[in-house]
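Asks: One structure coming up, written as C-alpha cells, with questions to follow.
Since every read-out is calculated from the coordinates, none of them should be taken as a lab result. The model shown is predicted, which means the values in this text are computed figures rather than measured ones. Here Cβ is always computed from backbone atoms with ideal geometry, including for glycine, and neighbour counts include all displayed protein chains.
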Amino acid sequence: MRHLAALLMVLTAIVGPAYRHAAAIPVEAAAAAALISFDQIGFTAAHSGYVACSEYGDIEFSVTPDSGSVEYIQVVAQLPATGSGTAWVVRNLPVLDAGANGPSPVQTGATVDLTQLNVSRGTCVNGSAINYGLLLTTSPVNSPPSLSVPLSIVLTARANNAQGDIPTSPVSPGSLATSSPPPVFVLTDGAQRRIGRKGMGNVEQGNNECGPGAVANSMHWFQALGGVDLGGDTPAQSLEKLKADMQPGGWTGLGVSQSQAIAGKLRFAQRAEHPLTLNVHYQAAAAPVTDLGASVTVGAGTATRDGGGAPPDFAYLKAEMQNGQDVELALDFLDDSGNKTGGHVVVVSGLIERGNYRAIAFNDDDNQGAAGGLRTRHWAKIESEGAYMKLGGEPRNRVKAIYAESPASVAVGGIAESPDVSMLPSAASPTGGGNTLPVVGSALGLAGLATVAGWKLRRRRWPTGSGSCHSAGGTAR
C-alpha cells in the first residue's frame, strides 16, 4: 500500500501541474514546509558599515523532510507597503530527505533579495505585512509558479554582523555591496547528489568568533558520530579552547587569519586533556589572497595544502564532504568594486548537486554577541566571482579557502552521511542528463511518467555500515 500511495503521488505530481502545494502533501510520502519568519536585515559589521534597513532579507522555514527524496521550496511574495508586484523570492531552496536532515522538524533558510519587492536601501519595511504563497516541487525549476498569495506574515528586523576572518592586506573600508535579483540561469537536469550533515550543531558566538565557532561545530559533530572524544566539553567550552589555540598569545577580539585557524586546529588536536588524531588539510588560494602556504606545522602536527594554491573549487568541496570530512569555508567580503572589506567563516551542513544546479547549506551566527542570530541549514546557490566560487544571495563574497579534517583512526564512511546519487529524468527526456528542467505546468508523456514512477519506487541508497564505500584514510594530506 505504501508503494501504491507513492505511485499515486508521483502520478499526481507529474500529470497535473509541476507544483504541489505544501499543505496538500501527505507527511508520510513527501516533505512539508512552513514559513516561520521573514526579516529585513540591518548590517552592523566592519565589512559592511552600518546599514539600518538594507535590501537584503532573511527567510526561515520549519520543514518536515520526506523519508526518501529531495524536494525544493518555492516562495512567491508581494509587499503592499511598497506596491510591489508578485515576485519569486525563494527559488529552489532544497529540503534534503529525512536521512540527511535528521529528526523532524528542522529549520532551514536563505538570504533573499528584497529589491524584487521594491525595497531599496534605507527603506524600512519591518513591521509591514507581506503576502506570500509557498510550494514544494520535486525538482528545481526554471520559472516562477503561478499562484495566489493567500498567506501573510509580518516582516521583522534582523541584525547581521557576521564576521571574524582577517583578510590579507590591503583591506578597504567597510561598504555593503549592492544586492540584486538572482541572475538569469537556465537549469539543466542530470545526476542528483545530496550529502547531509545530520546533527551538525550551531554554537552561539561572540564578536568575531566565527573561526573558532565553525571548528567547534565541526568537532562536536564528529563527537556525536563517535569519531572523537572531547572529554565532556560543551560546544561553548570548545569554542573558548579554540580561541586560545588559534591565538595562544591571547584572544584579540578581532578574529583570526587563515593560518591562525589551521594552526589552532592542530593545537586543539594536541591538547593533553583530549588528544585527537586528526587529518587536517585545506585548499586555499595562494598569497596575496590568503596567508596559507603549502603546509602549517605546530608541534607534532602538520596540515597540508591540496591544489597548489589555485582558487578553491566545488569538486574539492564535494569530494571532502563525500569522504565524510567536516568542512569549513573562509570567505572574503567584497565591495561593489571587488575590493576586500572583511571576512567570515562558516561550517558546511549540507550539499546538493543536480545537473548544473549546485548549492550548499551552512551554519553560522550572523548576530554575534547577541541572541537570535543562529543560521542553521542556511542555503546558498554556488555561483562565480571571477575565478572563485561565491555563496549566491549573500553580500558579495568569494570562497578563498576550504578547511577540512577527519579523525584519522575512524572509517568515517561508516558514521557520516553518504551521498545519494540518482539519475532523474527531465521533462525533455525520461532518461535525464543534460536536459532543460520543467517550467510551470509542464508534463511528461506516459513513457516518461512510467520511468519517473519506477524511479520513485526504486530509490538507490548507499550503505552506511562500517563497510561503507566512503572512508577518510589514515594519512595526512
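Asks: Find out how many positive minus negative residues lie around S180, taking Lys and Arg as positive, Asp and Glu as negative, among other residues whose Cβ is under 15 Å from that of S180.
Replies: On the way: positive: R91, R121, K381, K390, R396; negative: E55, D113, D335, D336, E383, E385, E394.
Surrounding charge for S180 is -2.
Asks: Take the alpha carbon gyration tensor of region 338-398, find the square roots of its eigenvalues, order them as a ≥ b ≥ c, and report rounded if a/c is under 1.5; if not, report prolate when a/b exceeds b/c, else oblate.
Replies: Details: a/c = 2.89, a/b = 1.24, b/c = 2.33.
Cα axes put region 338-398 in the oblate bin.
Asks: Sequence-distant or interchain residues sharing an amide H contact under 5 Å with M389, placed H: which?
Replies: The list, which skips near neighbours in sequence, is V399.
Asks: Provide the per-residue ³J(HN,Hα) series for region 328-344, in order, calculated from phi with Karplus coefficients 6.51, -1.76, 1.60 and θ = phi - 60°, each as a whole number of Hz, with x at glycine and proline positions.
Replies: Calculated HN-Hα couplings, in order: 10, 10, 9, 10, 9, 8, 10, 8, 5, 8, x, 7, 5, 10, x, x, 7 Hz.
Asks: What's the magnitude of the charge dipole for region 43-126 around its Cα centre, counting Lys and Arg as +1 and Asp and Glu as -1 at the beta-carbon? Answer in Debye, nearest 20. The partial results should precede the final answer.
Replies: Values: 2 positive and 7 negative charges, 53 e Å.
Approximately 260 debye in magnitude.
Asks: Compute, for region 19-160, the length of the dipole vector about the Cα centre, with Cβ point charges of +1 (Lys, Arg) and -1 (Asp, Glu) only. Units Debye, rounded to 20.
Replies: On the way: 4 positive and 9 negative charges, 59 e Å.
Here the size comes out at about 280 debye.
Asks: Using only the Cα atoms of region 191-414, what semi-axes does the equivalent ellipsoid have when each is the square root of 5 times a gyration tensor eigenvalue? Give whole Å, largest first. Don't jump to the answer; show the numbers that get you there.
Replies: Numbers: eigenvalues 116, 80, 66 Å².
Semi-axes, largest first: 24, 20, 18 Å.
Asks: Evaluated at 20 °C with a viscosity of 1.002 mPa s, what Stokes-Einstein diffusion coefficient in µm²/s does region 19-160 have when Rh comes from the Kirkwood expression over alpha-carbon pairs? Can you show the working numbers first?
Replies: Values: Rh = 15.6 Å.
After rounding, the answer is 137 µm²/s.
Asks: Still on this structure, please answer the following. Go through region 180-190 residue by residue and turn each phi into a ³J(HN,Hα) via Karplus (6.51, -1.76, 1.60, θ = phi - 60°); whole Hz please, and just put x for glycine and proline.
Replies: 8, x, x, x, 5, 8, 8, 7, 10, 8, x
Asks: Let me ask something else. Give K318/K390; K241/K318; K243/K390; K243/K381; K340/K381; K241/K381 a once-over and call out the pairs whose C-alpha atoms are over 24 Å from each other. Can you show the working numbers first?
Replies: Details: K318/K390 15 Å; K241/K318 29 Å; K243/K390 27 Å; K243/K381 30 Å; K340/K381 21 Å; K241/K381 33 Å.
Distance filter (> 24 Å) returns K241/K318; K243/K390; K243/K381; K241/K381.
Asks: Residue by residue, what Karplus-based ³J(HN,Hα) values in Hz, rounded to whole numbers, does region 354-362 have, using 6.51, -1.76 and 1.60 with θ = phi - 60° and x for Gly and Pro?
Replies: So the Karplus estimates, Gly and Pro as x, are 8, x, 9, 8, 9, 8, 10, 9, 9 Hz.
Asks: Just name one of V75, L114, L151: the one whose Cα is farthest towards the positive end of the charge dipole of region 19-160 (beta-carbon charges, Lys/Arg +1, Asp/Glu -1).
Replies: L114
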